[in-house]
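Scroll down for the structure; my scribbles are underneath it.
Quick note: the coordinates plus some simple rules give every number you see, no bench work behind them. Keep in mind that what you see is a predicted model, and the values were worked out from it rather than measured. Note: ideal-geometry Cβ built from the backbone for every residue, glycine included; neighbour counts use all protein chains shown.
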Amino acid sequence: MIKHFTRFLLGTTIATGLVLSPAHAQDMRIALVVKALGIGFFEAAAKGAEEAAAELGGVEIIYTGPTDTTAEGQIEVINSLIAQKVDAIAVSANDQDALVPALKKAMDRGITVISWDSGVAPEGRQMHLNPSSNPLIGNMIIKMAADNLPDGGKVAVLSASATATNQNIWIEEMNKVVGNYPGIEVVATVYGDDLSDKSYREAQGLMSSHPDLKAIIAPTSVGIVAAAQAVSDAGKAGEINVTGLGLPSEMAAHVDSGASRSFAIWNPIDLGYAATMIAYNLAKGEASAEPGGAIGMGRLGSVTLDENREGAMADPFVYDASNINDFKDIF
Amino acid sequence: MTNPSTDGLDDGQRMGHAAQGAAPGSVRVIPDRMRSRFKRIVGSWEALLLLVGLMIFLLNAQASPYFLDPWNLSDATFNFTEKAMIAFAMALVIISGEIDLSVASIIALVSTSMGFAVQLGADTPVLIAVALVIGMLCGAFNGVLVALLGLPSIVVTIGTLSLFRGIAYIILGDKAYAGYPASFAWFGQGYVWWVITVELVLFMIIALFFYILLHRTSFGRAVFAIGNNPTAALFSGIRVPRVKFILFVLTGLLSAIAAICLTSRLGSTRPSIAVGWELEIVTMVVLGGVNILGGSGTIAGVLIAALVMGMVTFGLGLLNVPGIVMSIFVGLLLIGVIALPIVFRRLGNRRKAVVPG
């Protein structure tokens, strides 16, 4: 019995070993560690990382992550990357504190560590790449409304809850730059609490209290879908433009119907590309991560770091009828 | 087996024969064991598992140039040490015919309690005390419900699985506790000597403790007796509820020790800490040859199973195999190691049935 069993195991394990032989020697190996595998957003980021690797030449991308979004799983992955002596780790963290000891160990052993998308506490990484920044987002949401209103007009904001930190900062930043868009008047700000039904009713309320409303700005992925639905249901698609921040998969139908001409969100492909470029430049010693410093990001220009060694990649990426079909299956 | 050949006898019995001075073959011998000690050891579950472990080790060393590095192997031990500490206690619970699915939630509650104590200004010794007390209280709660009220342990611990982690979520919400004292980091990040981590030493001590407890004490024999036949155990004078209660408290205590190590290693606490670990721990125990229905199993088996699982996950990790493929591999390993011996035994029996003798 043992003999049969042994032979069987030996056969299968050797077969597995042959299939899984490691990929080979490049000048530099950069690991892109994501929150969990099998998420469209991160698959797209990996695509961007491969694009950067092809552009740089001699770079191998190790795209990896745990099965589910746990810090413990990510630490196991990071430990195995340390063991493989990769040159750089770029991580989107499941937990900003729990990864710090493992990433510190990586840095102690000479590995370049950066975080992107979802950050790590400053002591656990050399720099953090935010997809965008609050002023850029605040400007973009009003710009998208203004671009479709050459003669100006009334616009209203449908936010998440009145206490939502992100949305409040973005609206504040937006109000700072409204003056740059002549003729645009923000007439109301209402709160849908990131609930579909409440957001829908608030959007209906805006349309009845402001009959000459030209645009609704919803800087929340729940609100923007509800507002677009309310506008289509009222038969005002094409008349009132819904814009703001949303997900291509959820907004594709509303772009098709004309309820939304454009909306924005970060571009995951650019994010993976930029993270790879930054990791490469830091690992090569061509740039260093210090407050006030600038690091090159290939075709995306360069990122300037603030006092926490954080930087913003770019304006939010605008999605409209011309590109929505390329992204709606990704995230 | 009425007429066994001599190699079917134990050494001690053969000597007994010589002392009796009876002519060989003239006495009818009924062996107390079916096979010799050598055959028993070679044919044992642990030997099989050790062989699998050795093969995985060699294969890993051949597949990745980074495997045979003392520091890397040292890092790899973190993949299993904390889970295996609990697995030893869980092995005893399962041998006694019960199960404890709340262990990962006990980790969450213990870790949250330690984080709470840190906010109140507690230092390392106080944190350890808090952890051990909370862990044992959680275990005692399970123990009272199972041993004294006689509720089925699977139901009780599915309930406390939600309850303990739920309390952690109520206390912490979406926040995290950090700011553990620097001396606390020793448990999960410290080294005793060269590449030997504090956790690894702790793990060995715990393994030795449970080996002695299960295989060398009357308490251990009581655990086996209860698992084999609780009614018979009760009638033979074993205090069944008391033994079961102690087992659950012990599991809570070991969960607390694992929580100390894990929290120290992460340097922070979130209510989602160690989520899903209960199934990995049960897998480890079953892979170690412990009968899931109770009554049999060894600490050596669980120890080897922990090493095997740790090596499989680390080796596949070095090859950057995605986590989901890793889970599939561990699943297949479990089914394979459990099912194949049974399948081969069946095949063997059928052949014997066709050609008797």
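A few comments on the model shown:
- The protein assembly as shown - Debye-derived log10 I(q)/I(0), Cα point model, q = 0.12 Å⁻¹: -1.29
- Proximal lysines relative to residue B:244, as straight alpha-carbon distance under 27 Å, when same-chain residues fewer than 8 apart are discounted: B:83
- If you wrap the Cα atoms of region A:134-265 in a convex hull and average its projected area over all directions, you get 6.7 nm².
- In order along region B:278-295, the Karplus-derived 3J(HN,Hα) couplings, from 6.51 cos²θ - 1.76 cosθ + 1.60 at θ = phi - 60°, round to 4, 6, 5, 5, 4, 4, 4, 5, 5, 4, x, x, 7, 5, 5, 8, x, x Hz, and Gly and Pro are given as x.
- Calculated SAXS-style log₁₀ I(q)/I(0) at q = 0.20, 0.28 Å⁻¹ - region A:195-259, Debye, Cα scatterers: -0.66, -1.33
- Region A:197-270: GluC sites (Glu not before Pro) in DSSP coil with no more than 15 other Cβ atoms inside 10 Å: A:239
- Inter-chain Cβ neighbour count for B:54-63, averaged per residue, equals 3 (cutoff 10 Å, partner chain atoms only).
- Here the mean projected area of the convex hull built on the C-alpha positions of chain B is 23.0 nm².
- Working ranking of peptides B:263-276, A:49-62, A:180-193 by packing, defined as the average number of other Cβ atoms within 10 Å per residue, highest first, is B:263-276, A:49-62, A:180-193.
- Each 20 Å bin from zero up to the one holding the largest Cα-Cα distance in chain A carries the following percent of pairs: 29, 48, 20, 3, 0.
- Loop sites in region A:49-142: trypsin sites (Lys or Arg not before Pro), DSSP, at most 12 other Cβ within 10 Å: A:109
- Based on C-alpha pairs under 8 angstrom that are at least 6 apart in sequence, chain B has a relative contact order of 29 percent.
- As a length-normalised measure over Cα pairs under 8 Å and 6 or more apart, the relative contact order of chain A settles at 18 percent.
- Bridge orientation summary for the protein assembly as shown: considering DSSP beta bridges with both residues in this region, about 20 percent are antiparallel.
- Helix content alone sets the calculated 222 nm mean residue ellipticity of chain B: runs of n ≥ 4 DSSP H residues at -39500 (n - 2.57) each, divided across all residues, give -22500 deg cm²/dmol.
- For residue A:194, distant residues with modelled amide H under 5 Å away: A:161
- Put simply, the amide H of residue A:91, placed in the peptide plane, has neighbours under 5 Å in A:33, A:114, A:115, A:116, leaving out anything fewer than 5 places away on its chain.
- Per-pair calculated FRET efficiency, R0 = 25 Å: residue B:338 and residue B:144 via Cβ, rounded to 0.05: 0.15
- Cross-link reach is defined here as a Cα-Cα straight distance under 21 Å, omitting same-chain residues fewer than 8 places apart; for residue A:176 the lysines meeting it are A:143, A:154, A:214.
- For region B:196-328, the fraction of alpha-carbon pairs lying more than 26 Å apart is 33 percent, rounded to a whole number.
- GNM flexibility winner over chain B from B:39, B:244, B:83 (Cα, springs under 10 Å): B:39
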